[in-house]
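**Q** Questions regarding the structure given below will be posed in turn.
Derivation of every value follows stated rules applied to the coordinates shown; laboratory data play no part. Quick caveat, the model's predicted, so the values are computed rather than measured. Counting neighbours? That spans all protein chains shown, and the Cβs are built from the backbone with ideal geometry, glycine included.
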Amino acid sequence: MALTLVWLRDDLRIADNPALHAAAGRGDVVVCYVLDEVSEGIRPLGGASRWWLHNSLSSLRSAFEDQGIPLVLRSGPAADVIPRLIEESGADAVFWNRRYVLAERNVDAALKGFLSDEGYQVHSFQANLLFEPWEVTTGSGSPYKVFTPFWRACRNRPAPREPLDGPTVLRGPNVDSEDLDEWRLLPDTFDWAGGLRQTWTPGELTAQALLDRFVTGTVDGYADARQLPDVEGTSRLSPHLRFGEISPFQVWHSARAASTSATASDLAIFTQELGWREFCWQLLYHQPRLATENYRRQFDAFPWQQPDSDELDAWQYGRTGFPLIDAGMRQLWHTGWMHNRVRMAVGSFLVKNMMVDWRVGEQWFWDTLVDADPANNAANWQWVAGSGADAAPYFRIFNPVTQSKKFDPDGRYLRRWIPELRSAHKVHEPWTDLPAGYPPPLLDLKVSRERALNAYQDLRQD
Ligand code: FAD
């Protein structure tokens, strides 16, 4: 009897899971997840991601148990754990869905070589990106550096395949599992995750429900509402996509199926956001050090300032005295998520007004975002900094006051996240009548903007 080991990674779902689908079609299955924090080059997950992972695995384990099989949890280097699991279970094949971070690709390639030489069947599947990063290239065969032609080229390719149904029957032997609680993925010194628990329910069922709610309701008006931080105008699918609780194929096809003449343009903009996700991943695939090296090497000479710890604390914990920045950073700290427009504003503030290296912001987001994603986070920080591919020009400096007046005119977002400002008259510019407990501005917007522009000018002349 064929027995396949299915190794789950960033694809914590049962539906539209090609590796699981193919394995179930072959015969019995053993499904495992390996917590590998030790293989060379693997970046340890941030705190918020660890919280998400714990809850996502817990939810998936219940879903598999309902189907009659365990989810086998093991920790250690995958190069050791997977062969051991094959031996213990008696599997004759290993299936997984592809991943694209270089260190992870290296682990997978080595294992594939080793196991194939040992006579096992090893198959990998496309599951987490609509287009493989090596598939979409310019006429000369090189990767795209600009989003618009990249996305046009994607759309000219055959449409992404239809999602696969989850297997209805799963059978397989019982294999020992480690205890999820023993992995200590949840906060253990003090419980900072209360806001995350209030905001999110990790797992495939919630992801599916959010998608349904989005395509049948929220999407109407997405083009405008997605700009407004106080409105639930976006899908909130990012952490679910990050951990693969839902696939981009499911999102893509649900969006297209729900499209009516009233929502077609909103849906086109939404699917374009999925396109940005694809673009970020193809950038990371071709530039594996996207989270640590400037994409445009010209920025290597940029005179970043070393912030003192009070200044950095002020940005991280939302005490800069600029309401939009503080509201965003407090939303992030409390919920593990921040609205996209505010992400751009807080990023610009750190990198341009404070002139702090974008990698400092990337690392803070990596630690605090529930959707912290190796490609999206790095590519977007470089976009904000101006050092990335198809990035915002460095001279585009978001003014936090103008931004909040435009996108949160009544100050509802500001008041929600900054209790000190609840009864402030000038909520966008509170410093003329500073409410008790709210800090004065950390810096002068005009002076800091000039300083950044001058530094950029010098860089261009070098
Ligand atoms: P929706 O508007 O509903 O979009 C649907 C999906 O499209 C998102 O879930 C996401 O997967 C994708 N998407 C949307 N915008 C972008 C974008 N600009 N780049 C890439 N994919 C996008 N997104 C992450 O998923 N993880 C990150 O770590 C991350 N870090 C960011 C850092 C900075 C400095 C900035 C400016 C943006 C970052 N983003 C990141 C992109 C974006 O802010 C989030 O994807 C979005 O806010 C998620 O909310 P949503 O799911 O409701 O988005």
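**Q** Report, in cubic angstrom per residue, the convex hull volume of the C-alpha atoms of the chain. Display every interim value, and only then the final one.
**A** Values: hull volume 72.1 nm³, N = 462.
Cα-based convex hull of the chain, divided per residue, equals 156 Å³.
**Q** Run the quick spin-label model on Gln298 and Trp192: label points 7 Å from Cα toward the beta carbon, then report their separation in nm to one decimal.
**A** My value for the distance between the label points is 3.7 nm.
**Q** A further question on this structure: For Glu40, project a label point 7 Å along Cα to C-beta. Then give me every residue of segment 56-75 with its amide nitrogen under 11 Å of that point.
**A** none
**Q** Based solely on its DSSP helices, what 222 nm [θ] is calculated for the chain when runs of n ≥ 4 H residues each add -39,500 (n - 2.57) and the sum is averaged over all residues, nearest 500 deg cm²/dmol?
**A** Values: 19 runs with 209 residues, N = 462.
Calculated mean residue ellipticity at 222 nm is -13500 deg cm²/dmol.
**Q** Using Cα pairs under 8 angstrom and six or more residues apart, how large is the relative contact order of segment 135-277, in percent?
**A** Working: 92 pairs, mean separation 34.3, N = 143.
Relative contact order here is 24 percent.
**Q** What do you get for Rg/Rh of segment 184-260 when both radii come from the Cα atoms and Rh is the Kirkwood radius?
**A** Numbers: Rg = 14.6 Å, Rh = 13.9 Å.
Expressed as Rg/Rh, it is 1.05.
**Q** Let me have the relative contact order for the chain, percent, based on Cα pairs under 8 Å that are six or more residues apart.
**A** On the way: 753 pairs, mean separation 80.6, N = 462.
Normalised by residue count, the contact order of the chain is 17 percent.
**Q** For segment 326-462, divide the Cα radius of gyration by the Kirkwood radius and give the resulting Rg/Rh value with two decimals. Display every interim value, and only then the final one.
**A** Numbers: Rg = 15.5 Å, Rh = 15.8 Å.
The Rg/Rh ratio comes out at 0.98.
**Q** Give the peptides 326-337, 21-32, 293-304 in descending order of average Cβ contacts within 10 Å, highest first. Each step should come with its number before you reach the end.
**A** Details: 326-337: 22.9, 21-32: 21.1, 293-304: 15.3.
With the highest mean Cβ count within 10 Å placed first, the list reads 326-337, 21-32, 293-304.
**Q** How big is the dipole moment of the chain about its Cα centre under a simple scheme where the beta carbon of each Lys and Arg is +1, that of each Asp and Glu is -1, and everything else is neutral? Debye, nearest 20, please.
**A** Values: 47 positive and 60 negative charges, 350 e Å.
Once rounded to the nearest 20, the dipole reads 1680 debye.
**Q** If packing is taken as the mean number of other Cβ atoms within 10 Å per residue, what is the order of 245-252, 152-159, highest first? Provide the component values of the computation, followed by the final result.
**A** Working: 245-252: 23.8, 152-159: 11.8.
The densest-packed peptide leads the list: 245-252, 152-159.
**Q** For helix 264-286, report the angle its Cα long axis makes with the longest principal axis of the Cα atoms of the chain; keep it between 0 and 90° and round to the nearest 10°.
**A** For helix 264-286, the angle is close to 80 degrees.
**Q** Still on this structure: Per residue, how big is the convex hull of segment 333-398 when only Cα atoms are used? Give it in Å³. Don't jump to the answer; show the numbers that get you there.
**A** Working: hull volume 5.1 nm³, N = 66.
So the per-residue Cα hull volume is 77 Å³.
**Q** Same structure again: Would you list, by chain and number, the lysines whose Cα falls below 23 Å from the Cα of Lys405, excluding same-chain residues fewer than 8 positions away?
**A** Lys352, Lys426, Lys446
**Q** Let me ask another. How many nm is it between the label spots at Lys405 and Arg84, if each spot is 7 Å from the Cα in line with the beta carbon?
**A** Modelled inter-label distance: 6.2 nm.
**Q** Continuing with the same structure: Fully extended, how many nm does the chain gain between Ser177 and Arg157 (0.36 nm per residue separation, minus their Cα-Cα distance)? Could you put the intermediate results ahead of the total?
**A** Values: separation 20, 0.36 × 20 = 7.20 nm, distance 4.22 nm.
3.0 nm is the gain from fully extending Ser177 to Arg157.
**Q** To the nearest 0.05, how large is the calculated FRET efficiency for Thr201 and Arg460 if R₀ is 51 Å and r is the Cβ-Cβ distance? It would help to have the intermediate numbers written out before the result.
**A** On the way: r = 48 Å, r/R0 = 0.94.
That pair, Thr201 with Arg460, gives E of 0.60.
**Q** While we're on this one: In whole Å, how far is the Cα centre of segment 27-91 from that of segment 183-241?
**A** First find each Cα centre; the distance between them is then 24 Å.
**Q** Nearest 20 debye, what's the magnitude of the dipole of segment 198-310 about its Cα centre given +1 on Lys and Arg Cβ and -1 on Asp and Glu Cβ? Show your work: numbers first, answer last.
**A** Working: 9 positive and 14 negative charges, 81 e Å.
The dipole of segment 198-310 has a size of about 380 debye.
**Q** With both bridge residues required to lie in the chain, what share of the DSSP beta bridges run antiparallel, to the nearest 5%? List each step's numbers first, then the result.
**A** On the way: 1 of 21 bridges.
Bridges in the chain are about 5 percent antiparallel.
**Q** Rounded to whole Å and sorted largest first, list the principal axis extents of the Cα atoms in segment 274-331.
**A** Computed over segment 274-331, the largest-to-smallest principal extents equal 39, 32, 14 Å.
**Q** Taking amide hydrogens as modeled 1.01 Å from N in the peptide plane, which residues meet the under 5 Å criterion relative to Val29, leaving out close sequence neighbours?
**A** Thr4, Arg171, Gly172
**Q** Further, regarding this structure: Please report, in cubic angstrom per residue, the volume enclosed by the convex hull of the alpha-carbon atoms of segment 157-218. Intermediate values should be presented prior to the final figure.
**A** Working: hull volume 13.4 nm³, N = 62.
Considering the Cα atoms of segment 157-218, their hull volume per residue is 216 Å³.
**Q** Is there a quick way to get the dipole size of segment 103-171? I mean about its Cα centre, with the Cβ of Lys and Arg at +1 and of Asp and Glu at -1; what is the value in debye to the nearest 20? Walk me through the intermediate numbers first.
**A** On the way: 8 positive and 8 negative charges, 80 e Å.
Computed about the Cα centre, the dipole is about 380 debye.
**Q** Another one. Work out, step by step, the length gained on full extension between Arg396 and Glu232: first 0.36 nm times the residue separation, then minus their alpha carbon distance; give nm to one decimal.
**A** Details: separation 164, 0.36 × 164 = 59.04 nm, distance 2.67 nm.
Separation in residues times 0.36 nm, less the Cα-Cα distance, equals 56.4 nm.
**Q** On to the next question. What is the spin-label model distance, in nm, from Gln126 to Ser423 if the labels are put 7 Å beyond Cα along the C-beta direction?
**A** For Gln126 paired with Ser423, the spin-label model returns 6.0 nm.
**Q** Over 5 Å intervals from 0, what percent of Cα-Cα pairs in segment 78-191 sits in each interval?
**A** P(r) over segment 78-191, rounded to whole percents: 2, 8, 13, 14, 14, 16, 12, 9, 8, 4, 0.
**Q** In units of 2.2 N^0.38 Å, what is the alpha-carbon radius of gyration of segment 1-97? Please report the intermediate quantities before stating the final value.
**A** Numbers: Rg = 13.4 Å, N = 97, 2.2 N^0.38 = 12.5 Å.
So segment 1-97 has a normalised radius of gyration of 1.07.
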